[in-house]
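Enquirer: Please read through the structure below; I'll follow up with questions.
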4 protein chains.
Amino acid sequence: MANTGQTKNMAIPGKMKAWVLGNPGELTLVEKPVPQPGQAEVLVRIDAIAVCATDLEIIQHGPPALIQGGDPFNKNFTPGHEYMGTVVKLGPGVDEFDVGDRVTVEIHAGCGRCERCREGMYTACLNYGMNYGDRNKGHRANGFTTDGGFAEYAVNNINTMVHVPDDMSDEEATLVVTAGTAMYGLDVMGGLVAGQTVVVMGPGPIGLMGVGVAKALGAQPVILTGTRDNRLEIGTKLGADHVVNVRKEDAVEAVKRITRDQGAHYVLECSGAPNAVNEAARMLNRGGRICLAAFPQEPVPVDVAYLVRNNIYVFGIRGEGKSATHRACAFMQQKRFNARLIHTHTFPLEDVPTAIKYARERIEDAIKVVVKMRH
Amino acid sequence: MANTGQTKNMAIPGKMKAWVLGNPGELTLVEKPVPQPGQAEVLVRIDAIAVCATDLEIIQHGPPALIQGGDPFNKNFTPGHEYMGTVVKLGPGVDEFDVGDRVTVEIHAGCGRCERCREGMYTACLNYGMNYGDRNKGHRANGFTTDGGFAEYAVNNINTMVHVPDDMSDEEATLVVTAGTAMYGLDVMGGLVAGQTVVVMGPGPIGLMGVGVAKALGAQPVILTGTRDNRLEIGTKLGADHVVNVRKEDAVEAVKRITRDQGAHYVLECSGAPNAVNEAARMLNRGGRICLAAFPQEPVPVDVAYLVRNNIYVFGIRGEGKSATHRACAFMQQKRFNARLIHTHTFPLEDVPTAIKYARERIEDAIKVVVKMRH
Amino acid sequence: MANTGQTKNMAIPGKMKAWVLGNPGELTLVEKPVPQPGQAEVLVRIDAIAVCATDLEIIQHGPPALIQGGDPFNKNFTPGHEYMGTVVKLGPGVDEFDVGDRVTVEIHAGCGRCERCREGMYTACLNYGMNYGDRNKGHRANGFTTDGGFAEYAVNNINTMVHVPDDMSDEEATLVVTAGTAMYGLDVMGGLVAGQTVVVMGPGPIGLMGVGVAKALGAQPVILTGTRDNRLEIGTKLGADHVVNVRKEDAVEAVKRITRDQGAHYVLECSGAPNAVNEAARMLNRGGRICLAAFPQEPVPVDVAYLVRNNIYVFGIRGEGKSATHRACAFMQQKRFNARLIHTHTFPLEDVPTAIKYARERIEDAIKVVVKMRH
Amino acid sequence: MANTGQTKNMAIPGKMKAWVLGNPGELTLVEKPVPQPGQAEVLVRIDAIAVCATDLEIIQHGPPALIQGGDPFNKNFTPGHEYMGTVVKLGPGVDEFDVGDRVTVEIHAGCGRCERCREGMYTACLNYGMNYGDRNKGHRANGFTTDGGFAEYAVNNINTMVHVPDDMSDEEATLVVTAGTAMYGLDVMGGLVAGQTVVVMGPGPIGLMGVGVAKALGAQPVILTGTRDNRLEIGTKLGADHVVNVRKEDAVEAVKRITRDQGAHYVLECSGAPNAVNEAARMLNRGGRICLAAFPQEPVPVDVAYLVRNNIYVFGIRGEGKSATHRACAFMQQKRFNARLIHTHTFPLEDVPTAIKYARERIEDAIKVVVKMRH
C-alpha cells in the first residue's frame, strides 16, 4: 500500500471545485464547501471518474427513479457516480478504511432499515432518495440523489467502497462498478454459470464487462450480440467465444446455430432494444433466465405467453447488489479480463462538458470516457 | 386405509371406455385396450376428473407446447389431466404405492435425463413431449402428450401421484393439482409469505386456490382482484382478506389503499388479462415479484422500464413443480381451506361433452365441473 | 389502533426504575436516567417482559458471544430481551412507528455495514457487541450487549420491532420473539415444510413454539421428543401429531416407527442434549437437515462420518433473523397456534428476582415467566 | 470430434477382461460378459481409470453406505469409479451421445423417482443401492453398487457422462470427477466465492482440485493447509495464495494471520482429521460455512456450542451433485488450473493390484495413480 505519512497528513481545503446542475442540461463549475463525513462515512478525494450513460440521463431529466425530497435541479447537485479516489478523512467510528486507501465506489448505500435492506437487497431500498430533511432515512445514491463525483471530493458510506489493488490504474478502477453491475446480473439469474451458455445482448460498457465476467466465471460459450463490429471485436478480446452482428444475422437463429438447437441458459440483456425481451426468450432453452440491465423507454409488445409456456424467469435489476463490485474487483485484480479495453478517452476535470459530449455522441468511437483529476 | 383384499384382487378388463380426440374439437367415446404400466408406473382406475380450461384448449388446438412425436389429432388421443382414482396394478419394481391406494395426480413426469430434470425443474423438462417412437425419452404429460383421464383407466408415473386422505372425497381430490399449481407459483417467488402481502389476480380455479394456499401459508393481507362478485365472494370464503372488483375500482389503486401505499410483496397473476403484467408491477413495492400462471394469447405492451427501475422479478411457470401437489394436498388434508367451494357441477363419464360445455360456457356459473365415474 | 391523543402526549419522566447487574449473579433495582432514542430508534415504555434461559446465563456469566467493549459487569447493565411495550418517543426521522403503537421486539439490530448485514444475515453481524466508545459500529442486542428490558423504558432500533395486534395481550406478545426463533430455524433449513416431517427435539419454549410454527406451515407429521409428559402434552395442544417421551422409547426408533422407516425431513434441535446431533442425524432421511437452536456447553462426540455419508446439513443459528418475528407474529395474529399455553406465571417488576428464580428452578412447572409492569 | 466411421463400426466382443472382488481385499482378473446398455444408458469402452481412496475402502469393506440388494462380496463385483472412455454402443432412445464420443463419468445416477431426485439432489438418492432384483429402482453408482471401471467395458446412465474435449488426455479426463466433487462442495456452501476467502483443509486429490476450482471461481485468498510440503507446493501451483504446513504453524492462527483476523468465509474440509470440524469453525468468521468432503472414521469431540454461537453451517456432501462435473470439466477445458499436476503414476489394466498398492501406500509420493488401457 502507498499509505505514506504524507497522505495521512494531507491538508483538506475548505472549498473545492465541483460541477453542479442548474436547469436541465446545464452544468457549471463552481466552488462548494468540501463535505464532511458522518457515521459510517469517509471523505474521498476523487482521482478519476468515468462518464456513464445514466449521467447523461440525469443531467437532462433527473434520476430515473422517483426522488422524494432530493431534486437535483434545485440543489446545486453534483452528478457523476463511477468514480474512484483516495480516502482523506474518516467519519466517527470508521476503521474499515484508512486515510490514504485507494478506493473505488458503487452507487447504492441502502437505508439499512427497510424490508429490502433487511433481506440484503439494498439496491432496491424502499427508502431510495430519502436522504433529505425531515424524512432522512440515510439512503444515499451518489450522483443520483446525493452529491456525486464530478468534483474534487465526495462523501461515501463505507458500504459503497472497495479497495483498489496497487497495480490497478485510476482509470481502470473507475470501471469496477460497471463490471459489478454485470456480475450482479449474472448472480441474480442463479450463479452457477461455468460450462453454461450465456448470451450478452448489447456491447455497451455493461454488456462488454458482462462478457468478461461471464467468461471469468467459466461460461461456455459466451455469445455477444450487437450492431457494431468494432464493439464486437472488443467483446472477442474480453472473452466472447462467438459474436453476432445482428445487422448481418438474426440473433435468435445465430444462438440456435451456435448451441446446436439447445438454446442458451442465460441472457444478460444490455441493449434496451424494443424487441429484446422477445428475442432473449427465444434464445433460451425451456426454464432459461433473462436479466434485464437495460430497457426501452416506452412500453413494448412482449409475448407473455411465450415466457409462461417456456417457464422463463425475467429479472429486472437496479445497480450492483450483493457486494458484486467486490467480486468484480477481485476478478479484475486477478487479471481475468482486461477492463481497460473499454476505456477510450481521458479529460481533465475542467473538461467535463467535453467528456460528456464525447460519451453522448460517441465521438471517435468513445466507449468509456474518463475524467482524471490532476492533484 | 381401505385397501381390502377385495380391492387387491379386483379384475382388470382388457378393454375400457375412453373419450378420444378426432379432428380438432371432435370427441368420441370408444373402446380402447386398457394400458399396461411399465417401470416406475402404475395403472389407475379413474374415479373422478375435473375439466380444466386447458382441456378446452387442447381439444380445439392441441397442447400448448411443441409436441415432438405425439400428435393428439392422429392418435386416438384421450385428453383430461385433473383426475384421481384407485391404483389397480403396479408396474415392475413399484412399492411406493399399493393396489387399492386412492391417488390424485399431477401432470408432469419429467424425463429424468435432461438438464432441467437433473436440477429438479421437471415441469420444464427439455424432452417435453418425447414419449413416442425412436426418440422416446420417457417424458409423460397425461392429457397433454400422453393419454389422459377422460377414460376408465390411465397409466401414471409414480412421480405424478399423491396419496388421497381417507376423508377427502373423490371430487375434492381432483382439485389437488389446481391447488398445487397455485402453491408452486408462490414457491417460485420465494417461499416465505407469512405476514407478507399477496395479491391474486383473477378468480378462476387457480386464482381461488391461490387465495386458499396463500392464506394457509400465513400471507397477510391476501387481496383478490376480479370482475365477478360471485367469484370474489368465494375468494372471501377461501381466505381473502380483501376483494377488489376491478369493474368498480382500479386494482392498482385498491392495492395501494389497502397496503397504505406500501405496495404488495407478491402478485400471483391468474387472469391472463392484456394489461396484467403492468398492473401487477404497479401493485408491488420495489423488489417485488410476479408469478405468471396465466397469459394473454397475443403479445401485449409491457412497460419493461418499470420492471427494471423497480427491480421486479417475473416468473413464468409451467404446471406444478417441486412436488407442490404433495404440499397442497397436505394443506387440504389439514382443512386449511375448503377447496370444495369451487366444485360446482358433476356429470357421469358418458356426459363428458356436456361437462365440457358447462365449463366452456360457464353455464350456471360453473367453476369446476367434475366427471364422476360409476363403478 | 388505540393511539389516542392522550398517549401521544404522555409525559416521559427523567428517571426510571431498572434492574442492573453488579457482580455476576447480582441484580439490583436502581434509578437510572431514561435513555434517549437516536437516528432510527424509538423509546419504548416496557409493558411486559418474559424471562429467557439465556437471561439466566447472562446474569451469571455475561453474554454468550464475545463482547468487545461492552461488559455487562461494569456498566450498570440491564438484562432482559423478550419484552413488549408502547412507543413513547420517536428518534429523528422515524415515521415507521407512531407514539402509542404497541410493539414487541427481537434482539438483533445489525450494524448495517459489515458483510453479513449487507447480505441480510444481521443476526450474525460481524460487529456484534460493537456499540461502545471509539469503535461504535451501531450494533445493538438489547439485554445482551446493550441495555435490555428489566426496566421501565428501553431504546430500540426500528429494525427490532413488530407491531402487536390489538387483540393480543401483553403477555402473549412477549412470546413473539420465541416463536420467531423457531420460525427462523425452520426457514434456514429450506422453507418448504408443508407435508414434510418435522421433528422438534426438546419441549422448552423454543421447541414448543417450533411445534406451533411447524404445524402452521403445514408440516405433517410434527413429532415432538422430550422427557416430561406435561410438556409433551402442551406440545400436543400446540399441534404435535406425535409426542415421544424419550425416557420411555428411543427417540430415533420412534421417529422411524412413525415415519414407516422413511425418516424425517427436518429436525429442529432445541434440547441441547449431548447426543442430540447424532440422534437428529439418525432420525433423518438421506439429504435431511438439522437446525441447532440449542447446544451442550462442552464438546461432545459427533459421528461426523454419518453426517457426510448421509448428506446431512447442520445449521447453527443465532437468534431470529430474516424478519422471522414478523412472520411469527402474523401466525399468532391469525390464531394458528396458542402461544399462551407456554405462559405459566406473572410477576410485577419489583419481583424480577422471584421471576428469575421460578424460571431457573422451574418452580410449579414454570415454562414462561412474565414480568408485567403496572403503569 | 474424432468420431470416425471406423469407430462407429468398431466390433464389441462378447467377453471382456474385468477385475472382480472375491472376499474382502481379494481382486481377481477374470473374463465376464460385456454388459448391454438399457434405456438411457450407453456402453463405454474404458480407456483410463484413476484409483480413488474410496476404492481401497470398498475393496476392503464394501461401499460406505448401506447396500440394499447389491453386495459386492457376492457378485463378481467390479470396483472402480473414476474412469473415462469411448462410447461404443447406445441404449434404446439415446441420442444425447454418439458412438465414438469420448466421455468421462461421475458416479451417481439417481433413481429419478424418490423425493431427493425429484428436487435435484440425486447424489442423496433415497434408493441408493436399489438396482437389484425385485426392488430395482434404477439407481446406479458404478464402482459402488453396480459394476465399475477396472474392466474393459462398463454401462453408464447418460446422466453420469460428460463430453471430454479433444485436447484433454485420457489421464487428465479421469480427474474430472475429482474436480467435480470439489466444485460441488463449493456450490453447496453458496456459490458466490469470487473475492472471498476459501480455506481448503487437506491436500489430497479432492483438496488439491478444490484449490484449483476455488481459484478459478475467483476466491481470494485461497489458503491450503496440510502436513506435507510437497503436496502444499502442488497446491501453490494449482492456485493457492497461501499454504500452511500444520506441523509448523497452527492452522487456525495462520488463517487469522493471513486474513488479518477477519477469518475465512468458507472451509472445504478434505482432511478427515479428528479435530477438523473444530478447527474449520475457528477459521471462519461469524456466519461462515464448512463443507465436509472427508471425515474421520470414529465419532470425534465437536464443539457444537461454537457452531451455534457463531451461526456456522456445516454441509456433509456425497459425491458430485448439481452437474458439478460438467462445470469442472468446463474449467479444465478452459485451462483454468492444471489438474495433471496430481497425476503421478500410470499402469496397465493387468497391474491394477500394483496401482492400488501405489495409491494405498503412497509409494513414490503417489497422488493419483491411473490405469491406462491399451486397446
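Enquirer: Need one number: % antiparallel among DSSP beta bridges in chain B, to the nearest 5.
Expert: Antiparallel bridges: around 55 percent, rounded to the nearest 5.
Enquirer: Something else now. Express as a percent, rounded to the nearest 5, the fraction of DSSP beta bridges in the protein assembly as shown (both residues included) that run antiparallel.
Expert: Percent antiparallel among DSSP bridges in the protein assembly as shown is about 55.
Enquirer: Sticking with this structure for a sec: Assuming a ≥ b ≥ c are the square roots of the Cα gyration tensor eigenvalues, decide whether the protein assembly as shown counts as rounded (a/c under 1.5), prolate (otherwise, with a/b larger than b/c) or oblate.
Expert: Rounded, because the longest to shortest axis ratio a/c is under 1.5.
Enquirer: Moving on. Taking the label point 7 Å from Cα in the Cβ direction, how far apart in nm is residue A:245 from each other copy of itself, listed shortest first?
Expert: 5.9, 6.1, 8.4
Enquirer: For region D:176-314, take every pair of Cα atoms, bin their distances at 5 Å starting from 0, and report each bin as a whole percent.
Expert: 2, 12, 23, 26, 23, 11, 3, 0
Enquirer: Let me ask something additional. Can you give me the long-range amide H partners of residue D:195? Hydrogens built in the peptide plane at 1.01 Å from N, cutoff under 5 Å, separation of 5 or more residues or another chain.
Expert: Residues meeting the criterion, in which the H sits 1.01 Å from N, are D:219, D:220.
Enquirer: Moving on to the next point. Give me the Debye-computed log₁₀ of I(q)/I(0) at q = 0.12, 0.22 Å⁻¹ for region C:286-361, equal point scatterers on Cα only, no solvent, two decimals.
Expert: -0.68, -1.08
Enquirer: If R0 is 45 Å, what FRET efficiency do you get for residue A:361 and residue A:335 from their C-beta distance, rounded to 0.05?
Expert: Using R0 = 45 Å, I get an efficiency of 0.90.
Enquirer: Right, something else. Would you work out which of A:255, A:22, A:207 lies farthest towards the positive end of the dipole of chain A? Charges go on Cβ: Lys and Arg +1, Asp and Glu -1.
Expert: Working it through, the farthest residue towards the positive pole turns out to be A:255.
Enquirer: When you look at the Cβ of every residue in C:289-302, what mean number of other chain Cβ atoms sits within 10 Å?
Expert: 5
Enquirer: Scan around residue C:77 for amide H atoms under 5 Å from its own, H built in the peptide plane at 1.01 Å from N, and keep only partners 5 or more places away or cross-chain.
Expert: C:21
Enquirer: In whole Hz and in residue order, list the ³J(HN,Hα) couplings for region B:20-25 that follow from phi through the Karplus curve 6.51 cos²θ - 1.76 cosθ + 1.60, θ = phi - 60°; x for Gly and Pro.
Expert: Per residue, the Karplus-derived 3J(HN,Hα) values read 10, 8, x, 6, x, x Hz.
Enquirer: Using helices alone, what [θ] at 222 nm do you get for chain C, with -39,500 (n - 2.57) per DSSP H run of 4 or more residues, divided over all residues and rounded to the nearest 500?
Expert: Computed ellipticity for chain C at 222 nm equals -7000 deg cm²/dmol.
Enquirer: While we're on this one: In nm, what does the list of distances from residue A:299 to its counterparts in the other copies look like, shortest first, when each label sits 7 Å along Cα to Cβ?
Expert: Copy-to-copy label distances at residue A:299, shortest first: 1.5, 6.6, 6.6 nm.
Enquirer: Return the subset of B:215/C:248; C:137/C:322; A:322/B:256; A:89/A:372 for which the Cα-Cα distance in this structure is over 27 Å, preserving the input order.
Expert: Beyond 27 Å: B:215/C:248; A:322/B:256.
Enquirer: Would you order A:270, B:291 from fewest to most other beta-carbon atoms within 10 Å of each residue's own beta-carbon?
Expert: So the ranking, lowest neighbour count to highest, is B:291, A:270.
Enquirer: What stretch of chain B, leaving out the sites themselves, is the longest with no trypsin sites (Lys or Arg not before Pro) in a DSSP loop having at most 16 other Cβ atoms within 10 Å?
Expert: B:76-227
Enquirer: Shifting gears a bit: So which residue, out of C:91, C:191, C:321, gets the largest mean-square fluctuation from a GNM of chain C using Cα contacts under 10 Å as springs?
Expert: C:191
Enquirer: Check which residues have an amide H placed less than 5 Å from residue B:267's amide H, if you skip close sequence neighbours.
Expert: Here B:199, B:289, B:290, B:291 satisfy the definition.
Enquirer: At what distance in angstrom do the alpha carbon centres of region D:170-239 and region D:242-307 lie from each other?
Expert: Taking the Cα centre of each part, region D:170-239 and region D:242-307 sit 15 Å apart.
Enquirer: Right, another one. Please tell me the relative contact order of chain A in percent, rounded to the nearest whole number, where contacts are Cα pairs under 8 Å and at least six residues apart.
Expert: For chain A, the relative contact order is 17 percent.
Enquirer: What's the long-distance tail for region D:184-244, i.e. % of Cα pairs beyond 19 Å?
Expert: Value for region D:184-244 (Cα pairs over 19 Å): 18 percent.
Enquirer: Since chains B and C are linked by a rotation, which residue in B has the beta carbon closest to its axis, and how far is it in Å?
Expert: Nearest to the symmetry axis by Cβ: B:191, 2.
Enquirer: How would region C:86-215 be classified by its alpha-carbon gyration tensor: rounded, prolate or oblate, with rounded meaning a/c under 1.5 and the a/b versus b/c comparison settling the rest?
Expert: Here region C:86-215 falls in the oblate category.
Enquirer: How well do other chains shield peptide A:177-188, expressed as the mean number of their Cβ atoms within 10 Å of each residue Cβ?
Expert: Mean shielding count: 1.
Enquirer: So for region D:257-375, taking the charge dipole from beta-carbon charges (+1 Lys/Arg, -1 Asp/Glu), which of D:292, D:352, D:333 sits furthest toward the positive end?
Expert: Of the options given, the answer is D:333.
Enquirer: Kindly state, as a whole number, the per residue volume in cubic angstrom of the convex hull around the alpha carbon atoms of region B:234-340.
Expert: Value for region B:234-340: 134 Å³ per residue.
Enquirer: If we hang a label 7 Å off Cα along the beta carbon direction at residue A:361, how far is it from the matching labels on the other copies, in nm, shortest first?
Expert: In ascending order, 6.9, 8.1, 8.9 nm.
Enquirer: Dipole magnitude of the protein assembly as shown about its Cα centre, charges +1 at Lys/Arg Cβ and -1 at Asp/Glu Cβ only, in debye to the nearest 20?
Expert: Here the size comes out at about 0 debye.
Enquirer: Mind checking the log10 I(q)/I(0) for chain C at q = 0.13 Å⁻¹? Debye, one equal scatterer per Cα, no solvent, two decimals.
Expert: -1.03
Enquirer: Rounded if a/c is under 1.5, else prolate if a/b is larger than b/c, else oblate: which is region C:17-170, with a ≥ b ≥ c the root eigenvalues of its Cα gyration tensor?
Expert: oblate
Enquirer: Would you mind giving the mean number of other chain beta-carbons within 10 Å of the Cβ of each residue in C:212-221, as a whole number?
Expert: 4
The numbers here are math on the coordinates, done by the rules we state, and not lab data. Remember, it's a predicted structure, so these values are computed and weren't measured experimentally. Please note: Cβ atoms are built from the backbone with ideal geometry, for glycine as well, and neighbour counts cover all protein chains shown.
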